[in-house]
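The values are calculated or read from the model by the stated rules, or taken from the named source; none is laboratory data. Keep in mind that what you see is a predicted model, and the values were worked out from it rather than measured. Here the Cβ is made from the backbone with ideal geometry for all residues, glycine too, and neighbour counts use every protein chain on show. Surface areas here come from the heavy atoms of the whole protein model, side chains and all, with no ligands, DNA or RNA. Shrake-Rupley method; radii C 1.70, N 1.55, O 1.52, S 1.80 Å.
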Amino acid sequence: MVRMILEIDGMACGMCEAHVNDAVRRAFTVKKVTSSHAKGRTEILSEQPLEEEKLRAAIEAAGYRVKTVRKEPADMILPCI
């Protein structure tokens with residue numbers, strides 16, 4: 001599992017978060033995607049690393065700008081108890 005953390009510019013509300021999440025889900029099969037307009041971040045959990053250029057293109061086609069992309073192993077995620 002891979003966790004990708006994206007800094008995204010242009011999200012201003014909950015609908016923006018939904019647009020980004022939907023764009024990711026349309027372009028890729030992912031386990032989970034969550035966005036926060038307050039933090040300007042989107043986090044994606046997937047089985048395999050996602051193709052960064054395709055990810056950027058999908059989000060930018062929805063009207064948002066990807067500033068940075070960081071990848072890390074999903075085992076760094078602490079379980080919620």
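The orientation-averaged projection of the convex hull spanning the C-alpha atoms of the chain amounts to 5.1 square nanometres. Leaving out ligands, DNA and RNA, what percent of the accessible area of the chain is carbon and sulfur, probe 1.4 Å? Solvent-exposed carbon and sulfur of the chain make up 52 percent of the total. Here the Karplus curve 6.51 cos²θ - 1.76 cosθ + 1.60, taken at θ = phi - 60°, turns the phi angles of segment 47-55 into couplings of 5, 10, x, 8, 5, 4, 5, 5, 5 Hz, with x standing for Gly and Pro.
With a probe of 1.4 Å, find how much accessible area the chain has per residue, and write the answer as a whole number in Å².
Numbers: 5040 Å² over 81 residues.
Result: 62 Å² of accessible area for each residue.
Each residue of segment 10-23 was assigned a 3J(HN,Hα) from its phi angle through the Karplus curve 6.51 cos²θ - 1.76 cosθ + 1.60 (θ = phi - 60°); the sequence is x, 7, 10, 7, x, 5, 4, 4, 5, 4, 5, 4, 5, 4 Hz, with glycine and proline shown as x. Taking label positions 7 Å along the Cα-Cβ direction at both Lys67 and Gln48, the computed distance is 3.1 nm, reported to one decimal.
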